[in-house]
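Asker: Take a look at the following structure, please.
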Amino acid sequence: MFITFEGLDGSGKTTQARLLAARLEAEGIEVVVTREPGGTPLGEEIRNLVLHGGDMAPWAEAALYAASRAQHVEELIRPALARGATVICDRYVDSSIAYQGIARGLGLDRVLDLNLAAVGGLMPDRTILIEIDFDAAAARMGGERDRIEREDDGFHARVAGAYAQLAARFPERYVRIDGTASPDVIAEEIRGALRRDS
Ligand code: TYD
């Protein structure tokens with residue numbers, strides 16, 4: 001099974017990805033937890049460029065995220081799925097659609113097409129969307145902000161709207177989770193939702 005976590009910066013999705021991995025491992029399932037951008041040596045170099053480098057053109061940004069993703073799928077995700085492991089990925093194609101396609105305005109379908117080419121059509125079986133309103137997310141983002149987190153409130157509001165749009169467009173794989181409860185309650189809800197679906 002290929003599971004991705006999505007949400008605003010500060011939504012708590014990274015914590016939840018780790019909690020789900022721990023639960024599945026405790027049930028005896030082999031789990032690979034990874035993240036984007038990153039997940040491979042090349043991907044981590046791209047992460048550094050895209051999050052901590054200087055300004056770049058919107059399509060350069062989209063292409064760098066897609067490049068990191070292409071390497072990630074080839075080097076890590078597909079081999080793990082092929083040997084029967086469950087892969088949990090903190091952000092994937094939907095992040096590019098939300099941030100570059102919709103918030104930056106490059107276009108949902110154009111960014112989706114670029115990414116489908118990059119990953120050879122591999123899409124997640126389930127996407128867990130951790131929803132919190134963007135004031136709460138901003139409060140949790142903390143002081144040290146990367147290049148994307150430094151975008152203005154309008155940008156982050158468009159990202160939140162983009163995720164709602166994606167959940168409506170892909171209801172068969174999206175699981176929407178209220179991210180305002182305590183981490184343990186959220187983790188329980190996610191495990192229950194995956195059990196119900198499988
Ligand atoms: P993330 O690793 O979730 O941030 P952090 O670990 O610092 O909380 O994501 C890094 C940033 O990159 C985040 O602001 C979202 C952005 N991003 C995109 O804009 N497009 C993408 O395709 C991905 C994967 C991330």
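Asker: Please pick out the residue among Arg140, Arg169 that is among the basic types (Lys, Arg), in contact (Cβ under 8 Å) with a residue 24 or more places away in the chain and open to solvent by 10 Å² or more (accessible area, probe 1.4 Å).
Answerer: None of the others qualify; the one that does is Arg140.
Asker: Look through the range 30-48, keep the residues that are outside any helix (DSSP H, G or I) and open to solvent by less than 60 Å² (accessible area, probe 1.4 Å), and return whichever of them is farthest from the ligand (Cβ to nearest atom).
Answerer: This residue is Val31.
Asker: Within the range 144-166, restricting attention to residues that are under 19 Å from Asp125 (Cα atoms) and of a type outside the set (A, V, I, L, M), which residue is least open to solvent (accessible area, probe 1.4 Å)?
Answerer: Tyr163
Asker: Still on this structure, I have one more. What is the number of the single condition among (1) within 14 Å of the ligand (Cβ to nearest atom); (2) more than 30 Å from Leu49 (Cβ to Cβ) that Ile186 does not meet?
Answerer: Exception for Ile186: condition (1).
Asker: Within the range 62-70, is there a residue that is at pLDDT 95 or above, at positive phi and either outside any helix (DSSP H, G or I) or surrounded by 15 or more Cβ atoms within 10 Å (Cβ to Cβ) (or both)?
Answerer: The answer is no, given that none of the residues of the range 62-70 is at pLDDT 95 or above, at positive phi and either outside any helix (DSSP H, G or I) or surrounded by 15 or more Cβ atoms within 10 Å (Cβ to Cβ) (or both).
Asker: Taking Glu188, is it in a helix (DSSP H, G or I), out of contact with any Ser or Thr (no Cβ under 6 Å at 6 or more places or on another chain) and surrounded by fewer than 18 Cβ atoms within 10 Å (Cβ to Cβ)?
Answerer: So Glu188 fits the description; yes.
Asker: Let me confirm something: among Val159, Val73, Val119, which residue is hydrophobic (A, V, I, L, M, F, W, C), within 19 Å of Thr4 (Cβ to Cβ) and within 11 Å of the ligand (Cβ to nearest atom)?
Answerer: Val159
Asker: Glu61 - would you say it is within 14 Å of the ligand (Cβ to nearest atom), of a type outside the set (Val, Ile, Thr) and under 24 Å from Leu129 (Cα atoms)?
Answerer: yes
Asker: Considering only the range 168-185, how many residues are part of a helix (DSSP H, G or I) and either closer than 14 Å to Thr15 by Cα or touching a His at 6+ places or on another chain (Cβ under 9 Å) (or both)?
Answerer: Within the range 168-185, residues that are part of a helix (DSSP H, G or I) and either closer than 14 Å to Thr15 by Cα or touching a His at 6+ places or on another chain (Cβ under 9 Å) (or both) number 3.
The values are calculated or read from the model by the stated rules, or taken from the named source; none is laboratory data. Keep in mind the model is a prediction, meaning the values are calculated, not measured. Cβ: placed from backbone, ideal geometry, glycine included. Neighbour counts: every protein chain shown. What goes into the accessible areas is simple: the full protein's heavy atoms, side chains included, and nothing from ligands, DNA or RNA. Shrake-Rupley method; radii C 1.70, N 1.55, O 1.52, S 1.80 Å.
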